[in-house]
Structure formats: structure tokens, C-alpha cells
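The values are calculated or read from the model by the stated rules, or taken from the named source; none is laboratory data. As the structure is a computational prediction, the values presented were derived from the model and not from experiment. Because the Cβ atoms are built from the backbone with ideal geometry, glycine has one as well, and the counts that use them run over all protein chains shown. With ligands, DNA and RNA removed, areas are computed over all heavy atoms of the protein, side chains included. Shrake-Rupley method; radii C 1.70, N 1.55, O 1.52, S 1.80 Å.
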Amino acid sequence: MIDASTRGRARPRWRGRVRRAAAACAVGIMAAAGLVALPGTAHAASTLGDAAAERGRYFGTAVAANRLGESDYTATLNREFNSVTAENEMKWDALEPSRGSFSYGNADRIVNHARAQGMDVRGHTLVWHSQLPGWVSGLGANDLRSAMNHHITQVMQHWRGQIHSWDVVNEAFQDGSSGARRPSPFQDRLGNGFIEEAFRTARAADPNAKLCYNDYNTDAINAKSNAVYAMVRDFKQRGVPIDCVGFQSHFNSGNPVPGDFRQNLQRFADLGVDVQITELDIEGSGTTQANHYRTVVEACLAVSRCTGITVWGVTDKYSWRSGGTPLLFDGNYNKKPAYDAVLTALGGTGGGDPGPGPGPGPGACSVTYEQTDRWGDRFNGRVTVRAGSTAISGWRVDVTVRPPQKISATWNGSPTWDSSGNVMTMRPNGNGSLQPGASTSFGFTVMANGEWSAPALGTCTTS
């Protein structure tokens, strides 16, 4: 991560497989009960997270806690991504502004949101020369060592079992041709050994979390990446606990995707560590930007130990490089050509909407569901009804919620309820005719009452 003075700054493969297996089991159970459709199953491999999961990887984004109240932001986040990284909320100055006094509120908000959505969380970052509170820089060597180890231990134990990968040490090497360590309070007072000590402390704090070293300008084989490579090789040979290396991958016209990017990822993987693309953004637009994004995704897919990709932000308008429009969604949350390129490279259907496709047969209709908004006590859902290969004159869909959930509002349809109040039957509000392949939608608000599972849809019945 580049210094926050210039900007506001993965899920393991087995976990994705477990979630997909669980989803498949749920679909089988629902089918036996005459129900179909869950989030993530209706639009199979038509979002970034789903498509990446099909390839045994995660596709994540950086998240700011103060954006979670914006409905378009959370709708895009919830639909497209299956891993999150806090932009600033887990850095030292945010978590421990004064010595021994920890403040987890904003970071907890991100973690809780992600876990409620079934997403994984990357921890970023424990030890970094930047965004340190002033009290850290004023410590002597013994106090600094104690403070560093205490900070790592307290933070990791706070989220023990909830964070899949931690950036334990961030940006400890200088740019340029020297391959030297970067001056910092840790380097200057504790010497080269502070990185190893940080990793050993981290392993003790949460033995199940993946422990990563993260840096920028290491995407190519160069002096800086060679220095990181030598450190990782030494750690692996001596049994220092390191599981992964993060490549920030901030690209632009002056720093394009290097020709040896894939080769560089592979040589690190060959050391026996996972590699992760941790902060991807690529300045540009149109086909050129799309092609660069495709190159990065294809490089990750070609390296079996590249476990996932995180883009550094949801939308261009909140990017630290907003003038360079470097992300996959524009300021209005529209998908850009780069989005389509990434989804296609991952093997998805393209564009995020599979369209009518072959669809249901003559005289039939189909339904799909997606969550569109979420708040602290409720969420909105949208059901899309699509006609098959012939026109229909009407339709009916059952929506079942799980107690103690209750549907509190509906729109674009005429609902009736069963005696339990848990099953809503929705019919058209007025003319229910649909031409072949055409679609319509209706929506509703579910009061969660502590239960956040998705509603179950019954089969679409035509008239």
C-alpha cells in the first residue's frame, strides 16, 4: 500500500469449495421441497466472486466503513465480491491511537458486514512504517519491541478465527536498485530481525490465519522483488512462519503490467508460499484498461498458488486515484469494459447478467433472486420473473422467509399470505403479460430480526 498521505488506502480455496458445496446441498434440499433459487446460485458464475470461486479463488475489494451506509455501494459490494480488506480501519493509528487503548468500532463494522454476507476478510496491516500514531515513533528499542508484539497479539486475538490472511508486515523494502530495507522506527531501532519477530508473534496470536508479507513495485523481477524473494526463501528455509506474499499491483501508463508478472508470481509460489494480488487498480479506460486487467487475472489463474485478487476499491469515485478511473465500476456503479474482461477471464458469463439464454420452455417462466440493499435491521430483495420461449399472460411466485423474519413492505406486485405469515404469494400488479424471453421484477423488504438467510423462491407458475 502506498502511503496514505497520497491516498486513502482472500479467501482460501478450500473455503470457497465448502461454501459452494453447502450451496449445492441447500439447493438440493429446496428442490425436494419445491423451492428454487438462492443468492449465488441463481446467477451462477455471473459475478466476480462467483466466477472466481469456480476457479478456486477469491475476488475481493477494499472497503471503507463510512461507505457502508450508501445503498449502491453496499449493493455492488454484496453482489460482486467474496472477500474484503479494510482500507484504513485496521491500521495502527486507527486501532491503537494511544498506547494500550484499542478502538475496534469501524473495523468491526467491516468485519461484521463481510461475515454476515458470507465473505472472507483480509487483515491489513499490522506493522507498517506509515499511519503510526505519534507515540510509537517516540519509543526506545525495548519499548518499541514490546509495543509491536503487544499490538500484533491484541489485534489478531480480537479477530482470532475471523481473518483468513493478515498482512503482517507491509512495505519494509526501499524502491530502487539497492534492495535495502526501508528506514522506519522498526528497522532503525530493532534491525532486520523485526520482520521475523513480527511473523513469529503473529503465528502465536492466531495459528490458523495465513501470514503474508505485502509490498508494492514488486510485480516485476527487479531489485526490490529480488530482496523480498531472498527474505521469503530464507524464512522458508529456517522455518519462520510465512504463508503468503502480497503484490499490490498499482498500474498506470508509466508503470504498466510487467511482461514477467506471471513468471514473478510463479517463482514466489515455487518457494512454497501462496501469492495474492492485494491492491489491484489500473489507471486508464476502455479496451486498453480492460486488456491490462485481463492480463493480471490470467496471470493469477496460471499460477496454482495464486489464491485470489483484491481490487483497491468498489467505484472510481472513491478511489485514491479517482482521476485515473482505475477500478471496475465507474462513479455511477456502472460496469466498465474492464469488468467484462475480468469476468470473462474468470470464466463467467459476461456483463453480470446471463440474460434470457435458452430460458424455460414454451408456456413457462423462471425466477431469480438478488439482495439489493441491506441495513442494520432489514434488507431488500428483488425477484426477476422471465418468460420462456412463448408469451405468457400471467404468473405467480411464492416467497418463503425463515422465522422470525417478516416481510414488511412490497412493490411492483400484488401479494397474498398464508396463515403463518411466512409464505408470500406474489402476482402481477395489473397486466401480467410477458413476451417471449421478456422479464419483470418485484421487490420486498425483510425485517431480519436476527435471521439474515435469503428467502426461498417457489417455482414460477404461469397463467
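Structure summary
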read-out	value
Leading residue by the ranking (surrounded by the most Cβ atoms within 10 Å (Cβ to Cβ)) among those in the range 238-255 that are modelled with pLDDT under 95 and not in a strand (DSSP E or B)	Ser253
Residue in the range 71-80 that is at pLDDT 95 or above, open to solvent by less than 50 Å² (accessible area, probe 1.4 Å), more than 20 Å from Asp50 (Cβ to Cβ) and among the aliphatic types (A, V, I, L, M) present	no
Given (1) open to solvent by 60 Å² or more (accessible area, probe 1.4 Å); (2) at pLDDT 90 or above; (3) within 21 Å of the chain's Cα centre (by Cα), index of the condition Thr416 fails	(3)
Qualifying residues in the range 136-188 (those that are of a type in the set (S, T, N, Q) and assigned to a helix (DSSP H, G or I)) - the one most open to solvent (accessible area, probe 1.4 Å)	Asn142
Criterion violated by Ser137 - all others in (1) at pLDDT below 95; (2) under 30 Å from Gly376 (Cα atoms) satisfied	(2)
Total residues in the range 211-237, condition outside any helix (DSSP H, G or I) and buried (at least 22 other Cβ atoms within 10 Å of the Cβ)	7
Which listed residue, of Gly259, Gly284, is touching a Gly at 6+ places or on another chain (Cβ under 8 Å), in the same structural domain as Arg200 (by the TED database), open to solvent by 10 Å² or more (accessible area, probe 1.4 Å) and part of a loop (DSSP other than H, G, I, E, B)	Gly284
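This table checks each residue for (1) part of a loop (DSSP other than H, G, I, E, B); (2) touching a Pro at 6+ places or on another chain (Cβ under 9 Å); (3) at positive phi; (4) modelled with pLDDT under 85.
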position: Gly351; (1), (2), (3), (4): yes, no, yes, yes
position: Gly361; (1), (2), (3), (4): yes, no, no, yes
position: Gly381; (1), (2), (3), (4): no, yes, no, no
position: Gly432; (1), (2), (3), (4): yes, no, no, no
position: Pro436; (1), (2), (3), (4): yes, yes, no, yes
position: Thr440; (1), (2), (3), (4): no, yes, no, no
position: Thr445; (1), (2), (3), (4): no, no, no, no
